[in-house]
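The values are calculated or read from the model by the stated rules, or taken from the named source; none is laboratory data. This structure is a prediction, so every number in the text was calculated from the model and none was measured. Cβ atoms come from the backbone with ideal geometry, glycine included; neighbour counts cover every protein chain shown.
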Amino acid sequence: MPTRVLVVEDDGLIRLDLADTLSEAGYDVVEAANADQALAILQQRSDINMLLTDIDMPGSMNGIQLAALTAERWPDCAIVVISGRYTPVKGVLPSGARFIAKPVSEKLLHSVLSQIPELS
Amino acid sequence: MNQTTHMQLTNPDCGRLFRNHDWSATPLGAVETWPVELRTLTSVMMGSLQPMLLVWGPSQTTIYNDGYAAMCGSRHPAAFAGTFRSLWHDIWDQVEPIIDAAFEGRGTAMDDIEFIMHRNGYPEEAHFAFSYTPVRDPWGAVLGMFCACNEITSQVAARRAERTQRERFRQVFELSPGGIAMLMGSNHVFDYANEEYHSIIGRGREIIGKPVADALSEVVRQGIINLLDDVYRSGEPLVAKDRRIDLNRGPDGEKQSRRIDFVYQPMKDDAGNVAGILVQARDVTELRADEERRDLLSHELGHRLKNQLAMVQAIASQTLRSAPDLVTARRRLSERIGVLSDAHDVILEGGRGASTVLQLVQQMTAVHDDPSNPRIRIAGPNLKIGSRPSLSLSLILHELATNAMKYGALSSAEGTVKLQWRVGGETGDRFELTWAEAGGPRVDPSASPGSGTRLITAGLNGTLDGRVELVYHESGLLCRVTCDLETFQKEH
């Protein structure tokens, strides 16, 4: 069964591109435009293996809060956080979560995803 | 006592003149004939280190010691045993009244009398502290005048130099761009404060002569007195940067929070003891706020640049994915980046948060429409748009126009586009834009969407609850873009 990734990014172009890149690499992609939408998806379905989320997004929650909530409620779900604005210091992200700075290079994305034990 | 030895020790010069003088040839007569008063005072004078002078008898014969001789300059020794008037002829108009008063029985004491004297052959200012005392015989008749005095010319000059220096310092202090105040004593009494210091603490406050704790009572609770006490006690200066201090400096004495750089410098007296504190202060409230705004702005710009690079990356990658060949990809990519660049100009021209939907629409029509035969009809309110959505709206409009020229209404001579935008939603909280094509070739809804279509459906960047609908009516394409109005207009 292919790994299912939930991509959370308010910028539609970047989300589109991330989704294409991941699909091409063999992942199953579900998209959300903000943390509230992402949370609704996580609650609806139990087959999300990984969360790939931006930090700065409109809505009631930002990506860091979403990551924390995901780690707490869906501990098996791997977490990757991306941002162009912040570089989270140690302790801000849940343990085990990865961080990638924007703009996200395809090479770096693949290299980070390949290191996640839950996905192999 | 051996009077001669005594004179030689304390007044060698005048002592010798006194002994060698032929007094019998003077109006005073031989020394043996002198009254006891004259002999006693002469002895006192020649035994004293303090400058002293005797003016005796109606002849006003003048006798003095070495100390006084120094004050006579080059007139000594010729003046010894001469008349008082011949000694001070150049200032006689000032001396005469007081010597006359002494002979009339009235003494005079002055702390500082100023003379212009020619005792060294040139005019010079001289200052003396002295007393003229009448000397009487047992029956009360005035025999002469005894004067003990000190030349204080050098002290006066030093005092004046000090005053001049202080005055000069004050002038420098007044012109200083920083606040300067001088506090004296262990309870830090304001001795001086320049204009700028007054402006920092609040104009019109009476502080001179008051201790800091009374003059600026609001700083007591803020620990300022403790800091002053420490400096006064330790003699060590204190440098404070960007300290927040509440001062009752408003027009009605209301409290204002300021950020102040200051230095407390102990001022020491000649003995090395701390006598006061020199305060130098600079109100850096506005300066620091400016710096923080600048830092925030440059951080903001960096962040925006990263976002834009991410957007360019996504556009490039999408363009390359969907283009049939490299030539097409290159052309499309350069057009799309050109659109972003133009949209960026609007953001920069209008300043932050000042671009409007109309400006972006006009940029698109300038490229894709013909002013002599306009085919895109536009209508909509003057609506502000945030910088993030403005980049995506420009791109959407560009892709819609490009597609219309290639396959849609603008590809035939009769086709038109109606582009409208408004504030919608039940509570007026949505932005709505419609692009309606008509009169073009028949649309084939089953045709696969091009890469432009994907970019259109990516929606408005940075907005909440955005939706893009593309409906292929038989009459032409209808595109509807909607999103939350607040995030559409917000600056990120």
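Residues of the stretch B:425-462 that are modelled with pLDDT of 85 or more, crowded, with 24+ Cβ neighbours inside 10 Å and not aliphatic (A, V, I, L, M): B:431, B:435, B:437, B:459. One residue stands out in the stretch B:385-394 among those that are crowded, with 24+ Cβ neighbours inside 10 Å, within 11 Å of another protein chain (Cβ to nearest Cβ) and not polar (S, T, N, Q): the one that is nearest to residue B:429 (Cα to Cα), namely B:389.
Taking the stretch B:114-200 and the strands (runs of 3 or more DSSP E) fully enclosed by it, the elements with 3 or more residues that are free of Cβ contacts under 8 Å to residues at least 60 places away in the same chain are at B:124-136, B:189-193. In the set (1) more than 30 Å from residue A:19 (Cβ to Cβ); (2) surrounded by 11 or more Cβ atoms within 10 Å (Cβ to Cβ); (3) within 14 Å of chain A (Cβ to nearest Cβ), the condition left unmet by residue B:296 is number (2). Against the criterion of being buried (at least 17 other Cβ atoms within 10 Å of the Cβ) and under 14 Å from the mean Cα position of the chain (by Cα), residue A:36 qualifies.
Scanning the stretch B:323-373 for residues that are surrounded by 12 or more Cβ atoms within 10 Å (Cβ to Cβ), part of a loop (DSSP other than H, G, I, E, B) and not acidic (Asp, Glu) gives B:323, B:352, B:353, B:354, B:355. Residues in the stretch B:114-145 that are more than 13 Å from residue B:53 (Cα to Cα), of a type in the set (Phe, Trp, Tyr) and at pLDDT below 90: B:115, B:122, B:128. The residues of the stretch A:35-51 that are within 14 Å of another protein chain (Cβ to nearest Cβ) and either among the β-branched types (Val, Ile, Thr) or under 24 Å from residue A:87 (Cβ atoms) (or both), listed by number, are A:35, A:38.
Each row is one residue, and each column tells you yes or no for (1) modelled with pLDDT of 90 or more; (2) under 60 Å from the mean Cα position of the chain (by Cα).
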site: B:7; (1), (2): no, no
site: B:27; (1), (2): yes, no
site: B:40; (1), (2): yes, no
site: B:49; (1), (2): no, yes
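Taken together, the residues in the stretch A:6-27 that are more than 14 Å from every other protein chain (Cβ to nearest Cβ), closer than 17 Å to residue A:79 by Cβ and either at pLDDT below 95 or touching a His at 6+ places or on another chain (Cβ under 8 Å) (or both) amount to 1. Among the residues of the stretch B:450-462, those identified as in contact with an Asp or Glu (Cβ under 6 Å, 6 or more places away or on another chain) and either within 8 Å of another protein chain (Cβ to nearest Cβ) or polar (S, T, N, Q) (or both) are B:455, B:461.
Rundown of residues vs (1) of a type in the set (S, T, N, Q); (2) surrounded by 13 or more Cβ atoms within 10 Å (Cβ to Cβ); (3) within 30 Å of residue B:81 (Cα to Cα); (4) out of contact with any Ser or Thr (no Cβ under 8 Å at 6 or more places or on another chain), yes/no style:
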| position | (1), (2), (3), (4) |
| --- | --- |
| B:145 | no, yes, yes, no |
| B:152 | no, yes, yes, yes |
| B:157 | no, no, no, yes |
| B:164 | yes, no, no, yes |
| B:193 | no, yes, no, yes |
| B:205 | no, yes, no, yes |
| B:209 | no, no, no, yes |
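Of all residues in the stretch B:470-492, those that are more than 12 Å from chain A (Cβ to nearest Cβ) and of a type in the set (Gly, Ala, Ser) have Cβ atoms under 8 Å from Cβ atoms of residues that are in a helix (DSSP H, G or I) and crowded, with 16+ Cβ neighbours inside 10 Å, 6 or more apart or on another chain, in B:476/B:409. Of the set (1) touching a Lys or Arg at 6+ places or on another chain (Cβ under 8 Å); (2) more than 21 Å from residue B:268 (Cα to Cα); (3) not in a helix (DSSP H, G or I); (4) not hydroxyl-bearing (Ser, Thr, Tyr), all apply to residue B:207 but (1). Note on the stretch B:1-109: enclosed helices (runs of 4 or more DSSP H) holding 1 or more residues that are closer than 14 Å to residue B:146 by Cβ are B:36-46, B:66-72, B:84-87, B:92-103. Looking only at residues of the stretch B:304-360 that are within 14 Å of chain A (Cβ to nearest Cβ) and among the charged types (D, E, K, R), we find that the one that is farthest from residue A:104 (Cα to Cα) is B:336.
Within this structure, residue A:70 passes the test of being among the hydroxyl-bearing types (Ser, Thr, Tyr), in contact with a strand residue (DSSP E or B) (Cβ under 8 Å, 6 or more places away or on another chain), crowded, with 22+ Cβ neighbours inside 10 Å and more than 19 Å from residue A:17 (Cα to Cα).
Is it the case that the stretch A:84-94 has a residue that's hydroxyl-bearing (Ser, Thr, Tyr), under 17 Å from residue B:313 (Cβ atoms) and within 13 Å of another protein chain (Cβ to nearest Cβ)? The answer is no; no qualifying residue exists.
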